[in-house]
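The values are calculated or read from the model by the stated rules, or taken from the named source; none is laboratory data. Please read these numbers as outputs of a predicted model, since none were measured by experiment. We place every Cβ from the backbone using ideal geometry, glycine too, and count neighbours over all the protein chains shown.
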Amino acid sequence: MIGRLLDGRYQVRSRIARGGMATVYLATDLRLERRVAIKVIHPHLADDAQYRARFIQEARSAARLAHPNVVNVYDQGQDSETAYLVMEYLPGITLRDLLSDHQVLTTEQALDIMEAVLSGLAAAHRSGIVHRDLKPENVLLADDGRIKISDFGLARAASANTATGNALLGTVAYLSPELVTRGVADTRSDIYAVGIMLYEMLAGQQPYRGEQPFQIAQQHANDTVPTPSTRNPAVPAELDELVLWATARDPEQRPHDASIMLSELMDIQRQLSGTQGHQGPQPTMVLPMAVGGTDATQVIAPVKAQRAEPSNSPTVDALAAQSQRRRTRGAWLLGLVLLLAGVAAGAGWYFGAGPGSAVAVPDVAGLTVEEATAALEEQDLVVSAETATAHHPEIPVDHVVGTDPPQGTALDHGATVTLVVSLGPEQLPIPTLVGLAEDEAIRVIEESRFTAAAPRYVFHGSVAEGVVVQALGEGDVDLTTLPSYGEGQQVTLVVSLGAIPDVAGQTVEEAKATLAAVGLTGVEAAEEFHDTIEAGRVIRAQPQQDQAVVPEGGTVNLILSKGVEQVPVPDIEGATWRTARQQLTDAGFAVEFRNPISEFLSAVPDNARVTYVDPPAGTPIDKGSTVTVGLAAG
């Protein structure tokens, strides 16, 4: 796929990740000149209508969502046999990567991630979409701090109350009890998965473990998720309660959707940070004690209604002066703010768009020289007439690897930038792989700076099981015919499964069943005579005429027995013993002597004559039968 142009628009640059259903590549949208992520369905699933429908469902589900915490989907299509999905490209890591590195997250980190996940999930639930496959692998943590949910490949309408059938979809570690027991999912199933993720971030591991997926699923169905504080005493009680609420075995006891859980999470954040705003009546104010304080109730005498006279008391004058000072200081501060704003605006123009501004070198990796030149000139940079070169395992020859100075460097307007152009992969010596065990060959491939592709398996009559028969490069070229091979290029190992199973003496039905057990299909192809296998039974299974070996899942020919071949007795009466012996042996018969001369068999002269033959000459008998002869000395 690397280097391929999909639909004349998306130039595939490199592989980002590979999953059970599809592979994700980094690509350039040549029309809009931006980097995108392209998810391509695996070729062996492309012919499966169910997988294609699920793939298209992901595009439709994600396209209905427009939220900062959900990965954007731009396009979906099919180029020849390749079904693909075009998504927003987010350089960074997944939550699984973060947990692998740190195991236990702080309370603040877990709350920040949960807030983003629940915000995106709430948008999905409001749009009537259930994700059904929430797990750390599907939470992306971008380098710029954004957190987004991805992979809506299992999403369904929330109102559908969709059942999965006999196969449990999603990752077993995050499956809700109702998915395990009844195969039914709704918004509360997503909440359960979120609760398991929160537990894992706080406790450093998943709540349930087992050697088999079935064991983990049974624990989800029958056990109550423990509180994360049992493994990490630093977890606040509020988060213990939130985990228990989200992972209740009864869906009715969980939050109805992500917006409800998000609201509770925000309340917990305010409680833990101590910034919860006060609402309702103002706090009680304590009045100063009266002069000559007393505990007795004080009665305020009634005052006659009268017009108040202006007061010139010191207190009033002081208050007036204080108010005037505040007004004067406010006007001065306003002027200072306006002055600083003007200076900032001028500086912003000067350094942002004016003569003093700097330009960041854009990312032009993967573009042609012409495209990269245009992108740099748009930023008011000058491209040097001279170019540098470098090998690159993924960027095609004559495309740009990078720049000097590198991407992101701040330069003055009009500064010169040199393009670094790809020479393609560096040509490396090819190691000896044929004859190695599969695991050893994969290790050698990686140490030699190549990429090990998915192996192929064949039945081979003379090579032991698990041993490499052949190593193939791009286009299935035999690597033993090449002097060298490009760095990072894929190497496909052809590994022996051993010989085709022995089916000699079996009936046709038995032979076909034996072959089917190892993934082979047997077809009746020919018949042969056989001295020991009775007619109608199988003599052997062998590759078809155009095959040297049989691939896994291939077809083999069944050769059936016609029984023992019948051969006429040669006419040897009167012939010398030497001639008769040769004819009988060539015809496949054993010889027995009738007369006493047989006692001196080792001394019978070659010129002795045959005087008697039984059965008579011309009689058809089974090959390998005994012919009795009589001899007379010559």
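Just the residues that are in contact with a Leu (Cβ under 9 Å, 6 or more places away or on another chain), buried (at least 19 other Cβ atoms within 10 Å of the Cβ) and either within 20 Å of GLY498 (Cα to Cα) or of a type in the set (Gly, Ala, Ser) (or both), please, taken from region 541-569. Don't jump to the end; show me each part of the working.
In the first step, residues of region 541-569 are kept if they are in contact with a Leu (Cβ under 9 Å, 6 or more places away or on another chain); the result is 541-542, 550, 552-556, 558, 569.
From what is left, the residues that are buried (at least 19 other Cβ atoms within 10 Å of the Cβ) are 541, 550, 556, 558, 569.
Residues satisfying the conditions are ALA541, VAL550, VAL556, LEU558.
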Against the definition (touching a residue at least 40 places away in the same chain (Cβ under 8 Å), crowded, with 16+ Cβ neighbours inside 10 Å and out of contact with any Ser or Thr (no Cβ under 9 Å at 6 or more places or on another chain)), how does LEU493 come out, yes or no?
yes
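Answer yes or no: is there a residue in region 418-429 that is surrounded by 14 or more Cβ atoms within 10 Å (Cβ to Cβ) and under 17 Å from GLU33 (Cβ atoms). Spell out the reasoning first.
In the first step, residues of region 418-429 are kept if they are surrounded by 14 or more Cβ atoms within 10 Å (Cβ to Cβ); the result is 418-428.
When the remaining residues are screened for being under 17 Å from GLU33 (Cβ atoms), the result is 419.
Yes, because at least one residue in region 418-429 is surrounded by 14 or more Cβ atoms within 10 Å (Cβ to Cβ) and under 17 Å from GLU33 (Cβ atoms).
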Report the residue count in region 61-87 for those that are under 16 Å from ILE16 (Cα atoms) and surrounded by fewer than 19 Cβ atoms within 10 Å (Cβ to Cβ).
0
Residue check, GLN215 against (1) at pLDDT below 90; (2) in contact with a Pro (Cβ under 7 Å, 6 or more places away or on another chain), all met but one. Which one?
(2)
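Restricting attention to region 198-218, which residues are within 25 Å of LEU111 (Cα to Cα) and either among the hydrophobic types (A, V, I, L, M, F, W, C) or touching a residue at least 60 places away in the same chain (Cβ under 8 Å) (or both)?
If the condition is that a residue be within 25 Å of LEU111 (Cα to Cα) and either among the hydrophobic types (A, V, I, L, M, F, W, C) or touching a residue at least 60 places away in the same chain (Cβ under 8 Å) (or both), then LEU198, GLU200, MET201, LEU202, ALA203, GLY204, GLN205 are the ones that fit.
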If we keep just the residues of region 453-488 that are touching a helix residue (DSSP H, G or I) at 6+ places or on another chain (Cβ under 6 Å) and assigned to a loop (DSSP other than H, G, I, E, B), which is surrounded by the most Cβ atoms within 10 Å (Cβ to Cβ)?
GLY473
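Each row is one residue, and each column tells you yes or no for (1) in the same structural domain as PRO236 (by TED's automatic domain parsing); (2) aliphatic (A, V, I, L, M); (3) buried (at least 16 other Cβ atoms within 10 Å of the Cβ); (4) within 16 Å of ASN72 (Cα to Cα).
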position: LEU111; (1), (2), (3), (4): yes, yes, yes, no
position: GLY120; (1), (2), (3), (4): yes, no, yes, yes
position: ALA123; (1), (2), (3), (4): yes, yes, yes, yes
position: ILE129; (1), (2), (3), (4): yes, yes, yes, yes
position: LEU134; (1), (2), (3), (4): yes, yes, yes, no
position: GLU137; (1), (2), (3), (4): yes, no, yes, no
position: ARG146; (1), (2), (3), (4): yes, no, no, yes
Region 374-417 - residue that is acidic (Asp, Glu) and surrounded by 14 or more Cβ atoms within 10 Å (Cβ to Cβ) and, of those, farthest from VAL361 (Cα to Cα)
GLU394
Hits in region 52-94 (condition: within 19 Å of the chain's Cα centre (by Cα) and modelled with pLDDT under 75)
ARG52, ALA53, ARG54, PHE55, ILE56, GLN57, GLU58, ALA59, ALA62
Restricting to region 519-571, give me the number of residues that are of a type in the set (Val, Ile, Thr), under 20 Å from SER462 (Cα atoms) and part of a loop (DSSP other than H, G, I, E, B).
1
Of those in region 489-502 that are within 17 Å of VAL550 (Cβ to Cβ) and part of a loop (DSSP other than H, G, I, E, B), the residue nearest to the chain's Cα centre (by Cα) is LEU497
